[in-house]
Amino acid sequence: ALGLAVYTDHQIFNRYHRPTTRRQKKRFGGLSLRELQNLKPGDFVVHVDYGIGKFAGMERITVRGKQQESVRLLYEGGDVLYVNVNALYKLHKYTGKEGHQPRLTKLGSGQWERTKARTKKRLKDIARDLIKLYARRKAAPGHAFSPDTVWQRELEASFQYEDTPDQAAAAEAVKADMEAPIPMDRLVCGDVGFGKTEIAVRAAFKAVQDGKQVALLVPTTILAAQHYETFTRRLAPFPVQIEVLSRFRSKAQQKEALERLARGEVDIVIGTHRLISKDVRFKDLGLLIIDEEQRFGVAVKEKLRQLRANVDTLTLTATPIPRTLQFSLMGARDLSIIATPPPNRQPIVTEIHTFDKDLIRDAILYETSRGGQVFFIHNRVQSIDEIADTLRALLPNVRFRVAHGQMKGSELERVMKDFIDRKFEVLVSTNIIESGLDISNANTIIINHADRFGLAELHQLRGRVGRADRKAFCYLLVPSIHGLSREARQRLQAVEEFSDLGSGFSLAMRDLDIRGAGNLLGAEQSGFIADVGFETYHKILEEAVHELQAEEFSDLFDQPPAPPAGETTLDVEADALIPETYLANSVERLNLYRRISEAPDADALAELREEMADRFGPVPPEVDNLLLAAAIKQLAERLRLARVLFKNERLFLYVPAQEKDPYFYEHLFYPLLERLSHLDHRYVLRDDRGKKLRAIIQQVPDLATARQIMEQLTTALPTPATT
């Protein structure tokens, strides 16, 4: 033998082996398959350019003797609009407040343009204030923290799990912000149990090493106690003084902690609203961390604003903010999203049931038989003891304890501590456990009267389980499924449906955004959403922010991005569709059309072709034409062309008008002319009395050749900085 022993780092450091996670490709925008399956004739849809109409199914139409499929929309006064399958990305199912019936738009009346312009103006006003705030922060002097020390690296290496890619990126972004000389204001948004607390630990430790104090503000007493445990455990090997201010501490203990804080003897203080009382004084506060920001009221946030003028601020939230909002608000706040679940994490099995003692007994027995613990949520303090007695009678051999917010602090703390130490199996509690509790041994949660909870609350409560690598269960109990209001039923179905990991974002789409993602843009925005629908609202918001960045605040941003190009329209004289003989299911067809119209590049189209061949058999020429047309459109968009037309073996390239796209004439026009002159095909330039300039390329036999020509035209062009 060689006398050689091989160990992995996990064996040496006594950690689990955690397989690293691969980033998944995500697709956003347009109609999702779920929405399509729910898209029935009569549903409201929004067309970005034409406004709100009703979906009336799909229809085959013949254009110049060639077959194409399109979506039929009905507008005010019986007007009909056919939407080509290449333009499906412009269609969105109308999402406004639950139960709100929108008014149909009158085509050709200018009404939709006016609504969009009004919304944009109001949004610009809101966004302008946000960007001014950002500008003020960029101008304010802040503390530039030192680069990572050996201790910092040691702390990060001692984390018992492997960082997920998003978590690592968020942690790096936070540290980079802290090292910059301007105050940090970063929002870290990640689903429940995706490792936000670890980022807070690392940031706090970095601040402490520079001799600064850290304040961690949390919404509930229980969460304060838990964070205290986590921070104490993670920072045990280092000389860091940590204190907690909450009602679990006696008056004398609080007084002593406050004195030590003012003298600078406490490095990290964790607390509830108590932290912003007048008597709390810091010697040298360097970092403020706010957990679950959406749980704090307006008054608290105002006080925080005064605190954080030039203090680095890190905000953690699990109530998700949709991706689109993240991009558009890049100017107002730096944002990190943790969307990758930790490895070995399994989705939570979520089921809706009527209240049934046998079901409850079986669920609790199953969990306790595998050595786990159970949360039973009953949100009425008056009857919680009664429920606990009912459960005790049902399961005499299982230990139950009760927890609610009206108990004495010391008593509540003892119950929670005993639960964490596994001294009893079932905790019967109100939703006091909603925020951030991390008990990895509890993997079943039963929520009584689930119809009385909001969507975000249900998502948070469900996030209390499934935090280890065991399968977890969430039972939503209701008195009677038929007796539920329509909204309650939709809420519960949404929770049941989105039980995947990281599904908080999808849930937000269903609920929080319908109500208006309040704390980011202030309270005034929800009215616009009802007017134009959610997706269009975001699109307008994005445009408004881009315009402000380019026009009013150009000095604030390093390089204003290239202005968004106008729309590129495409017309091809060829049978470009998915034949019913190839794929009969219209929902599936519509979904494939959408995916083709949204594909970002040629690789995505090739993948789609492979997938179709694999699922439905050899791809017919009509589908190939459809894919070629989509590829030509992608290339035309890179060239910022207004329109591309293929007919009579000729390819027409329409250039945008100068006043509409000055960027095109500055950066792309002359390189494009030069590329045209190098083509193997003859071409002519036509100009209709200064109206529409177009290049007409001759002898183009088919779409495949047209695509090759477009590829030749885009190869050596300067790529515009995309927005």
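The values are calculated or read from the model by the stated rules, or taken from the named source; none is laboratory data. Remember, predicted model here, so these are calculated numbers, not experimental data. Cβ sites come from the backbone with ideal geometry, for glycine too, and all protein chains shown count toward neighbours.
Being outside any loop (DSSP other than H, G, I, E, B) and of a type in the set (Ser, Thr, Tyr) is the filter here, so list the residues in the range 334-374 that pass it. Spell out the reasoning first.
Of all residues in the range 334-374, those outside any loop (DSSP other than H, G, I, E, B) come to 334-338, 348-354, 357-369, 373-374.
Of everything in the range 334-374, those that are outside any loop (DSSP other than H, G, I, E, B) and of a type in the set (Ser, Thr, Tyr) turn out to be Ser336, Thr350, Thr354, Tyr366, Thr368, Ser369.
Among the conditions (1) among the basic types (Lys, Arg); (2) at pLDDT below 85; (3) farther than 26 Å from Lys40 by Cβ, Arg609 misses just one, which is (2). Selection within the range 556-573: residues that are modelled with pLDDT of 65 or more and either farther than 23 Å from Leu639 by Cα or β-branched (Val, Ile, Thr) (or both). The member of this set that is surrounded by the fewest Cβ atoms within 10 Å (Cβ to Cβ) is Thr569. Residues that are touching a Phe, Trp or Tyr at 6+ places or on another chain (Cβ under 9 Å), in a strand (DSSP E or B) and not aromatic (Phe, Trp, Tyr) within the range 397-451 comprise Arg401, Ala403, Val426, Leu427, Val428, Ser429, Ala442, Asn443, Thr444, Ile445, Ile446, Ile447, listed in sequence order.
Tally the residues that are in a strand (DSSP E or B) and not polar (S, T, N, Q), restricting the search to the range 57-97. Outline the logic, then answer.
Going residue by residue through the range 57-97, those that are in a strand (DSSP E or B) are 57-63, 66-74, 80-84, 91-93.
Add one more test, that the residue is not polar (S, T, N, Q), and what stays is 57-61, 63, 66, 69, 71-74, 80-83, 91-93.
Summing the residues that are in a strand (DSSP E or B) and not polar (S, T, N, Q) in the range 57-97 gives 19.
So which of Arg234, Arg186 is among the basic types (Lys, Arg), under 30 Å from Gln346 (Cα atoms) and touching a Phe, Trp or Tyr at 6+ places or on another chain (Cβ under 9 Å)?
On the way: Arg186 fails: touching a Phe, Trp or Tyr at 6+ places or on another chain (Cβ under 9 Å).
Step by step, each of Arg234, Arg186 is checked, and only Arg234 is among the basic types (Lys, Arg), under 30 Å from Gln346 (Cα atoms) and touching a Phe, Trp or Tyr at 6+ places or on another chain (Cβ under 9 Å).
Can you tell me which of Arg595, Arg650, Arg643, Arg682 is under 20 Å from Tyr82 (Cα atoms), of a type outside the set (Gly, Ala, Ser) and in contact with a strand residue (DSSP E or B) (Cβ under 8 Å, 6 or more places away or on another chain)? Explain how you work it out, then say what you get.
Values: Arg595 fails: in contact with a strand residue (DSSP E or B) (Cβ under 8 Å, 6 or more places away or on another chain); Arg650 fails: under 20 Å from Tyr82 (Cα atoms); Arg682 fails: under 20 Å from Tyr82 (Cα atoms).
Step by step, each of Arg595, Arg650, Arg643, Arg682 is checked, and only Arg643 is under 20 Å from Tyr82 (Cα atoms), of a type outside the set (Gly, Ala, Ser) and in contact with a strand residue (DSSP E or B) (Cβ under 8 Å, 6 or more places away or on another chain).
Are any of the residues in the range 192-211 in contact with a Pro (Cβ under 7 Å, 6 or more places away or on another chain), in a loop (DSSP other than H, G, I, E, B) and outside the structural domain of Arg462 (by TED's automatic domain parsing)? The answer is yes; a qualifying residue exists.
If I filter the range 171-191 down to residues being assigned to a helix (DSSP H, G or I) and in contact (Cβ under 8 Å) with a residue 60 or more places away in the chain, which single residue comes out as farthest from Gly286 (Cα to Cα)? For the range 171-191, the residue satisfying everything is Ala173.
Being of a type in the set (Lys, Arg) and touching a residue at least 12 places away in the same chain (Cβ under 8 Å): is that true of Lys471 here? Can you show your working first?
Working: of a type in the set (Lys, Arg): yes; touching a residue at least 12 places away in the same chain (Cβ under 8 Å): yes.
It is true that Lys471 is of a type in the set (Lys, Arg) and touching a residue at least 12 places away in the same chain (Cβ under 8 Å).
Here is the figure for the range 322-333: residues that are assigned to a helix (DSSP H, G or I) and either farther than 24 Å from Leu458 by Cα or at pLDDT 70 or above (or both) total 5. Here Lys206 clears all of (1) of a type in the set (Lys, Arg); (2) without any contact (Cβ under 8 Å) to a residue 60 or more places away in the chain; (3) surrounded by 21 or more Cβ atoms within 10 Å (Cβ to Cβ) except the condition numbered (2). Filtering the range 109-153 to residues that are outside any loop (DSSP other than H, G, I, E, B), modelled with pLDDT under 75 and over 24 Å from the mean Cα position of the chain (by Cα) leaves Lys132, Ala135, Arg136, Arg137, Lys138, Ala139.
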